[in-house]
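See below for the structure under consideration.
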Amino acid sequence: MSHLVELKDIYKIYRMGDTEIHALDGISLNIDRGEFVAIVGASGSGKSTCMNIIGCLDTPTSGTYILNGREINNYTDDELAQVRNKMLGFIFQQYNLIPKLTVLENVQLPLLYAGMSDKDQRERAMQSLDRVGLADKAKNLPSQLSGGQQQRVSIARALAGNPSVILADEPTGALDSKTGRDVMLFLQQLHREGNTIVLITHDNSIAAKARRIVRITDGRIVYDGPVEGDKTVAQHHAAGSEEES
């Protein structure tokens, strides 16, 4: 059986004057259906570049990217936009909701771009809002919601298109710790329901909520395995336990 996401020897090289910067330096990574993977690294490690390539927001300098059995290296911008719309759901740190649109209209937006009928858009969007417990806020504007509610709207928007992969980029970064925990519990619930989730974070306590960690340093994978085997997360847990005692 083929992997859902396959990165093979991916390089992303930026040129600044005479200098080459290797944002990704030969990364190979496979993600299967139903996994919950955290891609972890400090600022500048290459984790966001990795997410952008998985999310078809950027293309590699070299290497091969296969998504759901389709090699998409040479796709046009329009073809990449179609893949993003039909196969990928995005959850961003700053929610990326459109202020002038209602909650329902925000969730409907990717369905509109997918060419779905108005009736089907509304039904699907309401189902998605119901899943995140916000069906009663459908007519509200984003500014009338708390940060945690806005992030749940962005999760509903990501779910509405029934994507193959949900990409969550620092989804708790703009939230207080309690609301952030609630959002992570919801992502864990989505994973239990069979969704494939790729979480991008610099926070080891957030990464520990996933099942598998891919740790990136200087554009290279330095660890890829179960959460329990990651020394940095283990150290973080040990430090947390000491503080509590």
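The values are calculated or read from the model by the stated rules, or taken from the named source; none is laboratory data. None of the values given here were measured: they were computed from a predicted structure. FYI the Cβ positions are ideal-geometry reconstructions off the backbone, even for glycines, and counts take in every protein chain you see. Protein only, heavy atoms only, side chains kept; ligands, DNA and RNA dropped before computing areas. Shrake-Rupley method; radii C 1.70, N 1.55, O 1.52, S 1.80 Å.
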- prompt: In this structure, is SER43 at pLDDT below 95, surrounded by 14 or more Cβ atoms within 10 Å (Cβ to Cβ), under 20 Å from ILE221 (Cα atoms) and not acidic (Asp, Glu)?
  reply: no
statement: Quick count over segment 76-110, residues being more than 17 Å from the chain's Cα centre (by Cα), free of Cβ contacts under 8 Å to residues at least 40 places away in the same chain and open to solvent by less than 60 Å² (accessible area, probe 1.4 Å), is 2
query: In segment 161-174, what residues are buried (at least 20 other Cβ atoms within 10 Å of the Cβ) and at pLDDT below 90?
result: GLY161, PRO171, THR172
- line: Restricted to segment 196-229 and to residues being assigned to a loop (DSSP other than H, G, I, E, B) and open to solvent by 30 Å² or more (accessible area, probe 1.4 Å), the residue nearest to ARG157 (Cα to Cα) is LYS209
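Each row is one residue, and each column tells you yes or no for (1) surrounded by fewer than 17 Cβ atoms within 10 Å (Cβ to Cβ); (2) farther than 21 Å from PHE92 by Cβ; (3) small (Gly, Ala, Ser).
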site: GLU123; (1), (2), (3): yes, yes, no
site: PRO142; (1), (2), (3): no, no, no
site: GLY147; (1), (2), (3): yes, no, yes
site: ALA158; (1), (2), (3): no, no, yes
